[in-house]
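S.K.: So that we are looking at the same thing, I have put the structure below in structure tokens.
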Amino acid sequence: MSSGENIRAQLAELLRQGSLPRSACGASFLKILRPVLDSRVVVEERSGAGRRLVVHNADSLREFLARCYPDARTFDDAPSRIAGVARFRDSKALANDAAEIVCVRAWRAGALFRGDECVDVAAATREHGVFALSLEKESPYSLRGPCALVESPIVFACIERLHLPSGLAIYGHGRISNRLLAWLAQSSAPDFSLLHLPDYDPTGLNEFTRLRAKLGENVTLHLPDDLPARFARFSKRSLLERTNSQNLLRN
């Protein structure tokens, strides 16, 4: 049960019972409850050796509950982002179960399969510039052969110009999601490998260590032979002075 669901259930229990021990009320619950405490709809009182929250105006508390948690009806099997808004006014109140849209480009066949059927991503790339798949928890898609994972959208759009050994590139949007990472880690084809092309900054290199922890030797970092010369000519070292970069470098 998520934090939002716990708070919703605790608020409903307070309304149903008329009181709750103060010791059972966490900081998040009390923060949500602050308006009704300030207005004395709910009052904190002594109770034996401890304290408790007592409902003084049940109708007002019921209205408050309805405002915080609309509990609107949705269609069957609505994604959690929709259900979160309908129930809690918060799209992130429930764990995300929506499919993820993954964008790929390919210039050779044989890299992406749906079950045992090869998906012609190369034709889609030639025709439309990109191919997108819907990645769910249980995905029928799998990768084979050498592939690439690209952080920059510009590099992704021009990936063929690098003449990589990979036949397919995945757009990572910076840090990839846990779902995409798990899908890559599940790739069981013996010839599957992943070449990582991040931005060469602390965040990008930290992402490579994350990939390496999951994929092991199946992932390698793209290191052009003239990388030091490119750094000397094109890099902007002041970017390393940013707080988040320094924190990553220390770790």
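S.K.: Filter segment 20-45 down to the residues that are in contact with a strand residue (DSSP E or B) (Cβ under 8 Å, 6 or more places away or on another chain) and over 12 Å from Leu61 (Cα atoms) and list them by number. Spell out the reasoning first.
M.R.: Of all residues in segment 20-45, those in contact with a strand residue (DSSP E or B) (Cβ under 8 Å, 6 or more places away or on another chain) come to 20-23, 25, 33, 36-37, 41-45.
Leu20, Pro21, Arg22, Ser23, Cys25, Glu44, Glu45 - these are the residues of segment 20-45 that are in contact with a strand residue (DSSP E or B) (Cβ under 8 Å, 6 or more places away or on another chain) and over 12 Å from Leu61 (Cα atoms).
S.K.: Let me ask something else about it. Which of the residues belonging to segment 111-129 are in a loop (DSSP other than H, G, I, E, B) and under 15 Å from Leu164 (Cβ atoms)? Working first, answer last.
M.R.: Restricting attention to segment 111-129, the residues satisfying the condition of being in a loop (DSSP other than H, G, I, E, B) are 111, 115-116, 119-120, 129.
Once the filter is applied, which keeps residues that are in a loop (DSSP other than H, G, I, E, B) and under 15 Å from Leu164 (Cβ atoms), segment 111-129 yields only Ala111.
S.K.: Condition test on Cys147, is it under 25 Å from Thr209 (Cβ atoms), surrounded by 18 or more Cβ atoms within 10 Å (Cβ to Cβ), modelled with pLDDT of 95 or more and not small (Gly, Ala, Ser)? It would help to see each step written out before you state the result.
M.R.: Values: under 25 Å from Thr209 (Cβ atoms): yes; surrounded by 18 or more Cβ atoms within 10 Å (Cβ to Cβ): yes; modelled with pLDDT of 95 or more: yes; not small (Gly, Ala, Ser): yes.
When the stated conditions are applied, Cys147 passes them.
S.K.: Right, here's the next one. What do you reckon, is Phe75 surrounded by fewer than 14 Cβ atoms within 10 Å (Cβ to Cβ), in the same structural domain as Leu11 (by TED's automatic domain parsing) and without any contact (Cβ under 8 Å) to a residue 40 or more places away in the chain? Show your work before the answer.
M.R.: Details: surrounded by fewer than 14 Cβ atoms within 10 Å (Cβ to Cβ): yes; in the same structural domain as Leu11 (by TED's automatic domain parsing): yes; without any contact (Cβ under 8 Å) to a residue 40 or more places away in the chain: yes.
Judged against the criteria, Phe75 is a match.
S.K.: Can we say Ala132 is free of Cβ contacts under 8 Å to residues at least 40 places away in the same chain, over 21 Å from Lys214 (Cα atoms) and assigned to a helix (DSSP H, G or I)?
M.R.: no
S.K.: Next up: Could you tell me whether Gly110 is surrounded by 14 or more Cβ atoms within 10 Å (Cβ to Cβ), in contact with a Cys (Cβ under 7 Å, 6 or more places away or on another chain) and touching a residue at least 40 places away in the same chain (Cβ under 8 Å)?
M.R.: Details: surrounded by 14 or more Cβ atoms within 10 Å (Cβ to Cβ): yes; in contact with a Cys (Cβ under 7 Å, 6 or more places away or on another chain): yes; touching a residue at least 40 places away in the same chain (Cβ under 8 Å): yes.
Yes, satisfied.
S.K.: Sticking with this one: Would you be able to tell me the number of residues in segment 172-189 that are under 15 Å from the mean Cα position of the chain (by Cα) and not in a helix (DSSP H, G or I)?
M.R.: Number of matching residues: 6.
S.K.: Looking at Ser28 and the list (1) of a type in the set (Ser, Thr, Tyr); (2) surrounded by 14 or more Cβ atoms within 10 Å (Cβ to Cβ); (3) outside the structural domain of Ser177 (by TED's automatic domain parsing), which single condition is not satisfied?
M.R.: (2)
The values are calculated or read from the model by the stated rules, or taken from the named source; none is laboratory data. What you see is a predicted model, and the numbers here were worked out from it, not measured in a lab. Ideal geometry is used to build each Cβ from the backbone, glycine not excepted, and the neighbour counts take in all protein chains shown.
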